[in-house]
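All of the numbers you see were taken from the coordinates with simple rules; none came from a lab. Predicted model, so just to flag it, every value in this text is computed and none were measured.
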Amino acid sequence: KEVHILSDLKHPNIVLYMGHALQSILPACHLVYVKWQPIRSTSYKENKIYKITAAINKDDIVQGMVYLHNMKEMLHRDLKSSNVLIG
């Protein structure tokens, strides 16, 4: 069921689902490679995180969340800095 939901997600602010491998030893979902980093990356110092966060277009995050929550069977309950990618 989760794979079917992921395959329907098409939004510029959501990482794109490409496929899955359910028959392998470790089932996996394959997403488009994004050369961005989570806000809460170990490569950022604490004071830099605040500057980056202030500069982020929060509308992009809100639009992505609204899109997810408008899906019939989707409710994202894990919005946190490590799930927000920046480039």
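Points to keep in mind about this one:
- Phi angles across the range 73-83 convert, under the Karplus curve 6.51 cos²θ - 1.76 cosθ + 1.60 with θ = phi - 60°, into 3J(HN,Hα) values of 10, 10, 8, 8, 10, 9, 6, 8, 4, 6, 9 Hz, Gly and Pro given as x.
- Karplus (6.51, -1.76, 1.60) ³J(HN,Hα), θ = phi - 60°, over the range 16-23, in Hz, Gly and Pro reported as x: 7, 6, 10, x, 8, 10, 9, 8
- Extension reserve of the VAL66-LEU16 stretch, reckoned as 0.36 nm per residue once the Cα distance is removed: 16.4 nm
- Extension gain, CYS29 back to ASN83 (0.36 nm per residue minus Cα-Cα distance, nm): 17.8 nm
- Between amide H atoms placed 1.01 Å from N, distances below 5 Å from LEU31 occur with MET18, all of them 5 or more places distant or on a separate chain.
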